Each structure stands twice: as structure tokens, then as C-alpha cells.
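The values are calculated or read from the model by the stated rules, or taken from the named source; none is laboratory data. This is a predicted model, so every value here is computed, not measured. Cβ: placed from backbone, ideal geometry, glycine included. Neighbour counts: every protein chain shown.
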2 protein chains.
Amino acid sequence: MRPSAKKIASVLRQKGHKLTAQRRAVINVVVNSGEHLAPAALYERVRRAHPAIGLVTVYRTLEMLHELGLICRVHRGEKHGYTLAPSGHHHHLVCTECGIVADFTDCDLEVLQQRLSQQTGFKIEGHLLQFLGYCRDCQGGT
Amino acid sequence: MRPSAKKIASVLRQKGHKLTAQRRAVINVVVNSGEHLAPAALYERVRRAHPAIGLVTVYRTLEMLHELGLICRVHRGEKHGYTLAPSGHHHHLVCTECGIVADFTDCDLEVLQQRLSQQTGFKIEGHLLQFLGYCRDCQGGT
DNA sequence: TACCTAACTGAAAACAAGTTTCATTTATAA
DNA sequence: TTATAAATGAAACTTGTTTTCAGTTAGGTA
């Protein structure tokens with residue numbers, strides 16, 4: 001389940017963070033977009049609701065939400081974007097055209113991981129798995 | 001098979017690129033290190049052999065080698081590094097401590113990819129898979 | 001309800017990785 | 001040897017992100 005704006009707000013409170021108008025605005029944008037948005041794009045949207053907000057605040061809010069595990073990062077080219085974090089281990093399928101993101105949870109990499117670990121002697125701590133392609137809407141164009 | 005310095009040099013020639021002392025120096029460093037090196041780190045090493053080389057040239061040479069498929073990029077944190085490219089499709093196991101890289105080729109993601117494609121309607125073009133952990137030598141410390 | 005203070009904010013400056021520009025140099029084909 | 005397209009290095013620039021710092025504010029307390 002993806003967390004709601006209310007849920008996120010209450011987590012902030014619980015952790016002793018203040019709930020400012022700026023943070024509310026950022027949270028709303030993140031909650032209401034299925035895309036993974038880069039900080040700059042997010043900033044643009046947030047400004048519609050809160051024109052005076054600074055880009056720095058957007059960065060700081062995203063950083064905080066990320067640390068609390070409420071949103072997560074996606075890699076797309078050099079920069080990265082953020083989306084709501086569904087609970088638990090999961091991966092992304094990113095549209096390289098429009099940035100929309102689909103989640104999936106079952107990656108079945110445990111077997112591969114274990115074998116690699118034995119073969120190489122590495123102590124594997126995690127993995128990075130992401131599919132890249134074109135979403136339904138972006139397949140026609142370009 | 002990982003290509004040798006000679007092999008790489010001859011590919012450059014074939015493609016009409018000039019074989020300068022700087023390029024030779026960059027190629028040597030890449031060939032002689034099992035680590036994935038960030039451009040800046042590579043630059044440091046290259047300077048031992050060729051003190052007058054510029055960072056720009058390192059970037060340009062890496063870019064060229066990458067385009068020719070002779071080396072490949074690895075993600076590590078925000079920046080990226082380069083290692084020799086073994087031929088064909090492959091992935092990396094990266095030590096987050098020292099940056100050493102192990103390759104592996106069999107990722108068995110076709111099944112997963114096909115299922116995701118059906119479920120989401122995405123036309124999947126590629127994937128990003130990388131394991132992160134500690135290599136044998138780095139497991140003790142820290 | 002007013003007040004207090006740590007937390008938060010925004011502007012500007014700083015930073016890091018990478019790229020572009022441009023005048024100079026050089027590998028290599030003729 | 002020479003001509004020239006390709007390559008180089010310094011410096012300036014770009015882009016994404018972080019730091020600094022003086023001023024503002026959320027929200028607990030009197």
C-alpha cells in the first residue's frame with residue numbers, strides 16, 4: 001500500500017518534525033503523481049500551490065522523506081527522481097520517455113545472489129534492479 | 001574475454017581514431033586495474049605515467065572507449081566508473097568499500113521481464129542489475 | 001493566548017561531476 | 001616532409017545538489 005498524505009504527515013509529526021506549509025505542498029505533489037519526479041520537476045509543480053517555496057526546501061524535504069523511508073529514489077540517467085515508497089522490498093520499471101514508474105516486488109534474485117556470493121566470496125548486501133522501457137502511452141511516438 | 005591493451009589500440013586504429021600517448025596511458029590504466037575506477041581516480045593514476053594529461057582528455061577517452069563498447073559503466077553512488085568490457089551482456093558485483101568489480105553474465109531476467117511486460121503494458125528495452133556488497137578483502141574491516 | 005525556542009526556510013554562495021569552447025599541438029596519410 | 005583532420009589542455013560553463021547563514025515559524029509551554 002502506498003502511503004497517503006495524511007499518513008505521511010502523521011509520521012513526520014511522530015518523528016518530531018514540523019509540518020510546514022512547504023512540506024505539505026511537497027507531500028501533496030509526491031502523493032498525487034504516479035511518476036517518478038526529479039527534484040526540479042517536483043519543484044515546478046510545488047510552486048503552483050506554493051509559489052514562494054525554494055528549491056532547497058524541496059531537496060531537504062525529499063531527503064527527509066527518503067530517510068524516513070516514505071519515498072524512494074529511482075535512477076534515470078544521471079539524475080534521480082523520487083516516488084512514494086510502497087512498503088517493503090521492491091523495484092521499478094521506469095518509462096524513459098515520460099518518467100512514469102511501475103513497481104514490482106518479486107525479483108527472485110535470491111538464488112542468483114547466493115550463487116554469486118559463493119563463486120566470488122563477496123558478502124552481498126543488496127542489489128539494484130530496474131527495468132527501462134516505454135510505457136503504454138509512450139510506445140507510439142518519437 | 002577481457003580485451004588487452006593491444007586489442008583496444010588496434011580497434012581504435014581500425015575505427016580511424018588516433019593513437020596518442022594520452023590515450024595509450026588511459027588504456028593502460030584501465031587494462032591494469034580490476035577495479036571500476038571513477039574518471040577522477042583514473043585521472044590520478046594516469047598522471048603518474050603522463051603528468052601533463054588533462055582531466056578532460058580522460059573523460060573524452062573514456063567516452064570514446066565506451067562508445068566503441070570496449071569499456072563499460074558501473075553505477076556506484078551518484079557518480080559512475082568504468083571497467084573493461086567483457087564481451088556481451090553482463091552485470092556487475094561491486095564492492096562498495098574498495099570499488100573492485102566482478103562480472104557475471106547469467107541474470108535469468110527474461111522470464112521476469114516478459115511477465116512484467118504483460119502485466120504493465122511496458123515495452124521493456126533493457127535492465128539495470130547490479131549487486132552491491134563487500135569483497136573478500138573488505139569484509140573484515142570497518 | 002502570548003511567548004519561546006529549536007526547527008525550518010530561502011537566497012546566495014559553494015561544490016562536484018561532467019561538458020563545451022577555442023587556440024594550439026600532433027598523428028598519420030599523402 | 002608536409003598538410004590537415006583529429007586530438008589536446010586550460011578555462012569557462014552547465015547541471016544537479018549541498019552548505020551557510022540570517023531571518024521566520026510551528027507548536028509546546030507558561
(Q) Within the range A:129-142, take every residue that is facing chain B (nearest Cβ under 8 Å) and either assigned to a helix (DSSP H, G or I) or buried (at least 17 other Cβ atoms within 10 Å of the Cβ) (or both) and give me the one that is modelled with the lowest pLDDT. (A) A:132
Q: Would you check if there is a residue in the range A:45-54 being in a helix (DSSP H, G or I), within 11 Å of DNA strand C (Cβ to nearest atom) and modelled with pLDDT of 90 or more?
A: yes
(Q) Return the residues of the range A:109-127 that are crowded, with 16+ Cβ neighbours inside 10 Å and not in a loop (DSSP other than H, G, I, E, B); say none if nothing qualifies. (A) A:112, A:113, A:116, A:120, A:124, A:127
Q: Taking only the range B:45-77 into account, find how many residues are among the charged types (D, E, K, R), within 14 Å of another protein chain (Cβ to nearest Cβ) and within 14 Å of DNA strand D (Cβ to nearest atom).
A: 1
Q: Take the residues in the range B:1-44 that are within 14 Å of DNA strand C (Cβ to nearest atom) and exposed (fewer than 12 other Cβ atoms within 10 Å of the Cβ), then tell me which one is nearest to the other protein chains (Cβ to nearest Cβ).
A: B:15
Q: Check off (1) assigned to a loop (DSSP other than H, G, I, E, B); (2) more than 8 Å from chain A (Cβ to nearest Cβ) for residue B:80 and give me the number that stays unchecked.
A: (1)
